[in-house]
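Colleague: A single structure is presented below for examination.
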Amino acid sequence: MHVVIIGNSAAGLKALETFRKYDQNSSVTIVSKESKVPYSRVLLPYYLRGKIDYNTFFIRSEEYYDKYNANFINGHVTNVDEKKKIISLDDGSKIEFDKLLIGTGSSAMMPPIQGLEGEGIYNMWTLEDVHRIEPLFKENKRVLVLGSGFVSLQAAWAALVKKLDVKIIELAPRIMPRVLDEKGAEALRRKIVELGVDLSVNTLTEKVERLEDNTFRIHIKDGEPFEVDIIIVGTGVRANTQLLDGTSVEVDRGILVDEYMMTNVEDIYSAGDVAQGPTAFGEKNVIHALWPTAIEMGNIAGANMAGKKLSYKGSLNMNVTEMFNITVASMGRFNDGEGDQVWTYESEELGGYMKVVYEDGYVVGATVAGSSRMVPFLGKIRPIIRKKQKIECNPEKLGAQLQLKIAKSNSAFKF
């Protein structure tokens, strides 16, 4: 049997490792358009701001593929022939497969803003992007960051640490709208502004004008134009599904997969940021573009390609980051809706707050903003959400218990 894995990031690597646990004899080929030595995209902004050195974010060695008896091919897959079971690469070569895993991830998008193109305008999504940006991060340079998601704000934080003049523009009414609730977003916004960043929300960028000296004049709706030296764009990503154009593999925002990570076409699997799969809340097809989710999906796909029948219990979104001297995190359904019970705890000592959301007696989400000492709380409550366990106390009693735990130390939370 010949297994082909497209992509050598979290999902593809975990799939290879799990496959080899059950099958040491079949041949495996890894195809990736990025470098042979895989890296963690999550760590790119930490390198950019000087928090880690260059070698730290490489997550495997040159000898990795030999260890797992896999052949690596550096190339871009352009087409999948599901009937003949052949993939085509951009150099004209073709590879046959018996089982195929598509772990092609996602790519950063450029919004439809006039003039937003050319040198000096970058995403921060790949190692190549960081190589382009790093030499430009010089003291007193003016940088505009478009968007306020994790990637955008990490880029802004790196620029601020490197003593650049930083401006952030967000189209939505608040920052990080998909990751933080209103209170958490406001806590982070205050920290950002306190550190000297010019932050605008509810702001539409209408046009980017390139000047003769290759700097930029930015035109915004209902505001005065301003000039910058560099633009970093972090306004969204798109799943890399183009290789399936013309096939019968079902694609929505991503590649639709079931609990076994299989597509609607037999022997074709998908995992990671490109895959739209089940969640812990019973939803059938959602994209949670998260590193832990990619690893979980890759593990299931690798086992099942080796002949097992493991099912995925579903992704539970959890985001944690520290930037601008504050830790922000969220998990599950953290934006409370009508009829939900909500418990919040605010602590001056920890410089922030945490919130738990209940639905029909079950915890469904939580969010924190403040000290990193609050984050272990999410780790303890995560399995409770996953297993749909009822906590044997009401929100008020839970709140009292948490207050006691936090006040004493950062010890484990017990439910």
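Colleague: For the chain, calculate the relative contact order in percent as a whole number, restricting contacts to Cα pairs under 8 Å that are 6 or more residues apart. Don't jump to the answer; show the numbers that get you there.
Modeller: Values: 891 pairs, mean separation 61.1, N = 415.
Reported relative contact order: 15 percent.
Colleague: Let me ask something else about it. Can you tell me the convex hull volume per residue for the chain, based on C-alpha atoms, in Å³ to the nearest whole number? The partial results should precede the final answer.
Modeller: On the way: hull volume 67.8 nm³, N = 415.
Enclosed volume per residue, from the Cα hull, is 163 Å³.
Colleague: Along the stretch 227-240, what does the Karplus equation 6.51 cos²θ - 1.76 cosθ + 1.60 (θ = phi - 60°) give for ³J(HN,Hα), rounded to whole Hz, x for Gly and Pro?
Modeller: So the J values, rounded to whole Hz, are 10, 9, 9, 9, 10, 10, 9, x, 9, x, 10, 10, 5, 7.
Colleague: State the extension gain, in nm to one decimal, for the chain segment bounded by N55 and Y22, taking 0.36 nm per residue of separation less the distance between their alpha-carbons. Provide the component values of the computation, followed by the final result.
Modeller: Details: separation 33, 0.36 × 33 = 11.88 nm, distance 3.13 nm.
Separation in residues times 0.36 nm, less the Cα-Cα distance, equals 8.7 nm.
Colleague: List the pairs from K313/K390; K138/K167; K183/K387 whose alpha-carbon separation is above 22 Å, in the order I gave them. Mind dumping the intermediate values first?
Modeller: Numbers: K313/K390 18 Å; K138/K167 15 Å; K183/K387 28 Å.
Over 22 Å Cα-Cα: K183/K387.
Colleague: Could you list the GluC sites (Glu not before Pro) in the stretch 181-224 that lie in coil according to DSSP, counting only those with at most 15 other Cβ atoms within 10 Å of their Cβ? Working shown, then result.
Modeller: Values: sites: E182, E186, E194, E206, E209, E212; in loops: E212.
Sites meeting the loop and neighbour criteria: E212.
Colleague: What ranking of F19, F137 emerges when the number of other C-beta atoms within 10 Å of each C-beta is taken as an exposure proxy, fewest first?
Modeller: Details: F19 28, F137 20.
Lowest count first: F137, F19.
Colleague: Moving to a separate point now. Positive end of the dipole of the chain, charges at C-beta (+1 Lys, Arg; -1 Asp, Glu), about the Cα centre: which of S347, P135, S27 has its Cα farthest in that direction?
Modeller: Looking along the dipole axis, the top candidate is S347.
Every number in this text was worked out from the coordinates using simple rules, so none of it is lab data. Worth saying up front: this structure is predicted, and the values here are computed from it rather than measured. No Cβ is skipped: glycine too gets one built from the backbone with ideal geometry, and neighbour counts run over all protein chains shown.
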